[in-house]
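Accompanying notes for the structure given below.
Bear in mind that the values in this text are calculations on the coordinates, not laboratory data. All values reported here derive from a predicted model rather than from experimental measurement. Heads up, the Cβs are rebuilt from the backbone with ideal geometry, glycines too, and the neighbour counts pull from every protein chain shown.
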Amino acid sequence: MTGPELAEAGRLLAAARRPVVFTGAGMSAESGVPTFRDAQTGLWQRYDPLELATPAAFRADPALVWGWYEARRHGVRRALPNPGHRAVAAIRARCPETVVITQNVDDLHERGGVPAPVRLHGSLFAPRCSACARPAPIPEDAAAPGDDAPPGDAAAPDGMPEPHAGPLTPPACAGCGAPVRPGVVWFGEALPSAALDAAVEAASGCDLLLTVGTSALVHPAAEIPLVAARLGAPVVQVNPVPTPLDAICAVNLRGPAGEVLPALVRAAWPDADAAWPDADAAWPDADAG
Ligand code: BJW
Ligand code: ZN
């Protein structure tokens, strides 16, 4: 990322009235949440996320897939929003018509000050019945090893339970008894139509699309920046590495979201330095919306 690129992106952001911020897993990387294509850890190294995130995997081995999502949900519970999430909230505070569209299934935008992002791929925190779709409660986080949970799933020193480390039988639906599944969108499944419609509408009407931390490999989400570009909106990308979106971007800011986004906010609104200095506490209140 060079000074002129940041200045140009800052000019585009400062001029925007209806920006869209479109985020992927890289947005949460600096919070310690692995990206989708990152190497997995522990037991999960043996499995390919592209294969686990499918209805077929859940049908074949519900405990394996449920255990993977429980481990990831625990990981997210322990993570905190990073300065990139705070910067997105700061953009929204400056431009109330900002629409934040995320592919992420964590809740770090909400905890970082964006109360209702458009969620294209669901949430780790909205399990539902795999047969009748009845919403199911989020499992307790208290350490409660099940019959197939590994030993040692006890509370960590910081008071949070250790991440679950292996297969775990999913709970049964209170209505019909079928296994509960994660409330996320797997490969081969349709995206929630209301969210997809809202995303396409926002991208169609935006005057800037800021794409952050996505490989842009997964469709139809990857088409959202293309919709904006096709209708003439400038696209600014934040990613440490090139992606298929490079060619349509007005500016490519190479770097991590947690550093680039606060710098972009300052470039757009130099007085933001006074309003939102580096100290987390001085950024817009995460609960204020
Ligand atoms: C940083 C950073 C830092 C690192 N700062 N950046 C058209 C063409 C080809 C294929 C298809 C197509 N249309 C549909 C398909 C098939 C399929 C698909 O796209 N497959 C591809 C693999 C080719 N799509 C689907 O199946 C979709 N459904 C569908 O099309 O249904 C049709 C249908 C219609 C009607 C009825 C029935 C069916 C569904 C896709 C669902 C995707 N779900 C997942 C899993 C969610 C749950 C979970 O997390 O387990 O969503 S897959 C995974 O990919 C997850 C993510 O949201 C999504 C996108 O990944 P993302 O966010 O881009 O992450 P990464 O890891 O790929 O990239 C991270 C990036 O961050 C990298 O670029 C890094 O450089 C960067 N980075 N650190 C900034 N600090
Ligand atoms: Zn049910």
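Listed highest first by mean packing, meaning other Cβ atoms within 10 Å per residue, what order do 264-271, 100-107 come in?
100-107, 264-271
Remind me, what semi-axes does region 1-94 give for its equivalent ellipsoid, largest first in whole Å, using sqrt of 5 times each Cα gyration tensor eigenvalue?
35, 14, 13
Could you rank the peptides 125-137, 220-232 by their average count of other C-beta atoms within 10 Å per residue, with the highest value first?
220-232, 125-137
Take each of the peptides 20-29, 68-77, average the number of other beta-carbon atoms within 10 Å over its residues, and list them starting from the highest.
20-29, 68-77
If amide hydrogens are placed 1.01 Å from N in the peptide plane, which non-local residues have theirs closer than 5 Å to the one on L210?
V20, V21, F22, V236
So which helices of the chain fit the span-like rule, where a helix is a whole DSSP H run, its Cα atoms reach 30 Å or more along the axis, and its mean Kyte-Doolittle is at least 1.6?
none
Using Stokes-Einstein with the Kirkwood hydrodynamic radius over Cα pairs, what translational diffusion coefficient do you get for the chain at 20 °C and a viscosity of 1.002 mPa s, in µm²/s rounded to a whole number?
108 µm²/s
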